[in-house]
Amino acid sequence: MAEVTGTPSRKDDHIRINLEEDVQFHGLTTGLERYRFAHTALPELNLADISPGLTLFGKPLAAPLLISSMTGGTPRAGQINRALAAAAQATGIAMGLGSMRAAIEHPHTADTFHVRTTAPDILLFANLGAVQFNYGYGIDQCRRALEIAAADALILHFNALQEAVQPEGDTNFAGLLARVEAVCNALAADGVPVIAKEVGWGFSKADARRLAQAGVSAIDVAGAGGTSWSQVEMHRAPTPSHARVAASFIQWGIPTTDAIANVREAAPSLPVFASGGLRNGLDIAKCIALGATLGGMAGPFLKAADRGVDAVVETINEVVREIRIVMFATGAKDLAALQATPLTVVSG
C-alpha cells in the first residue's frame, strides 16, 4: 500500500487519541441526567414479547441503535470498520462510516470503507464533510462515496469548530447551505436520503429549520456531552499555542437533550438521530422518549472494536437488552409507546 499521508494519517491520530486520551467533556453534560422514567411495577407485559424494532429508510432494524460514524482511510481504520460492520450484521442495527474524503482523494484507501460484503443487509450510511462543497466537491463526489460504500444514504457532517481549531482545517463555510440544498435535491432524485450530522456540538433551532428547508431527510444532533473534538485536536496540535486555543473550547456546545428539543420544535416531521455522549440503553431510551427515532453511539463501540467482533456484538446486545428492560419497566410494548412515555424532570 502506498504511504498514507494527509487526511488518512489524521484518521489514525484520531483513533489513537480517542482510545488513549481523556477527550470527554468535563462539566458540560448531555443533559440526560436531568430526566428520569417513572417505574412501573405492574407493566402487564411479557418481557420476551417486547421488540424494539423499527423500519427506517425502508430497512428493518432490530433496535433503535446506530453505530455512529467514526473512521476509515487507514489499515487500522479498515479493520475497525469491518469489525463494526460484522457486529451490525449479526445484530441487525444501523452503521455509519467515517468521513470518506480519504477514499475520494486517496483511492488506494477505498477498501477501508468496503464493508458491504461483510454486512449485506444493514442500513449503512456513507459520510462526507459538508464543508468540502466549498472546496471543489459536489454531487459527483457524493455519488462516488455512496458507490464506494454501497450505502443506503449519505451523511453530511458539519464540524465548523473542529475545522477552526485544526491548523490544517477547512474553514470556509460561507454560502454552504445553498450547496447542501443542491445536493439534497440531486440525491432525492436518485432516491437517496441525506442526513445532516454534527460531530459533538449540537444543532440550534435555526440550524435545524434551515437544514429541513434545504431538504435533508433526517438530522443527527450529535450534541455536547460526549467526545469533545476540540480536545481531540488539542492532543494532536503542532504547537502549544494551537493546543491552548483548542483547549479553551472544552465547555462549548449544545447539550444533546437540548439539541433534540431544538430539532423536534424546528423540524417536527424529520427523524431525529440522538447522539453525543450516549453510553447505554437507558440513555437511548430517554432520547426516544424525548422524541428521537434512534440513538447513536461511537466511543463504546470503538473501544469494543479494538478487541474484536465478539466484543462489539456483546456491547450491542447489552445496549439492546437495556432498552428492552426500560420498555418493560415503563410498560411500553413498542417504540411508539416508549416515545409516548413521560419523563420526569429532576430538579437540582
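A few points about this structure:
- The chymotrypsin sites (Phe, Trp or Tyr not before Pro) of the stretch 183-280 meeting both criteria, a DSSP state outside H, G, I, E and B (loop) and at most 16 other C-beta atoms within 10 angstrom of the site's C-beta, are W252.
- Length-normalised contact order for the chain - Cα pairs under 8 Å, 6+ apart - percent: 23 percent
- The angle separating the long axis of helix 256-266 from the principal Cα axis of greatest extent in the chain is about 90 degrees.
- The stretch 42-103-the stretch 163-179 distance, computed between alpha-carbon centres (Å): 29 Å
- Packing-based ranking, highest mean first, of 39-48, 173-182 given that Cβ atoms within 10 Å are counted: 173-182, 39-48
- Couplings 3J(HN,Hα) for the stretch 187-192, derived from phi with the Karplus relation 6.51 cos²θ - 1.76 cosθ + 1.60 (θ = phi - 60°), are 6, 4, 5, 7, x, 10 Hz, where x marks Gly and Pro.
- Choice from E322, E168, E198 showing the highest fluctuation, given a GNM over the chain with Cα pairs closer than 10 Å: E168
- Rounded to the nearest 10 degrees, the angle from helix 75-91 to the longest Cα principal axis of the chain is 20 degrees.
- Dipole axis of the stretch 219-348 (+1 Lys, Arg; -1 Asp, Glu on Cβ), positive-most option in L294, T256, V221: T256
- Amide H partners (placed H, <5 Å) of G129, local residues excluded: M100, R101, H157
- Long-range HN-HN contacts of A222 with modeled amide H, under 5 Å: E198, S275
- Vicinal HN-Hα couplings computed from phi for the stretch 145-159 (Karplus, 6.51 cos²θ - 1.76 cosθ + 1.60; Hz; Gly/Pro x): 4, 4, 5, 4, 8, 6, 8, 8, 7, 10, 8, 10, 9, 10, 9
- Long-range amide H partners of L294 with built H, under 5 Å: V272, A274
- Net charge of Cβ neighbours under 14 Å - reference L187; Lys, Arg +1; Asp, Glu -1: -2
- Relative to the longest principal axis of the Cα atoms of the chain, the long axis of helix 309-330 makes an angle of roughly 40 degrees.
- Evaluating 6.51 cos²θ - 1.76 cosθ + 1.60 at θ = phi - 60° for every residue in the stretch 245-252, the Karplus couplings come out as 4, 4, 5, 5, 9, 5, 9, 8 Hz, glycine and proline recorded as x.
- Beta bridges per DSSP with both ends in the chain, % antiparallel, nearest 5: 20 percent
- Calculated [θ] (222 nm, deg cm²/dmol) that DSSP helices of n ≥ 4 give over the chain, each run adding -39,500 (n - 2.57): -12500 deg cm²/dmol
- Summing Cβ point charges (Lys, Arg +1; Asp, Glu -1) relative to the Cα centre of the chain gives a dipole of roughly 340 debye.
- Among 302-308, 285-291, 148-154, sorting by the average number of other beta carbon atoms lying within 10 angstrom of each residue, highest first, gives 285-291, 148-154, 302-308.
- Distribution of pairwise C-alpha distances over the chain, 10 Å bins, in %: 6, 26, 37, 24, 6, 1, 0
The numbers here are math on the coordinates, done by the rules we state, and not lab data. Remember, predicted model here, so these are calculated numbers, not experimental data. All Cβ positions, even for glycine, are placed from backbone atoms using ideal geometry, and neighbour counts span all protein chains on display.
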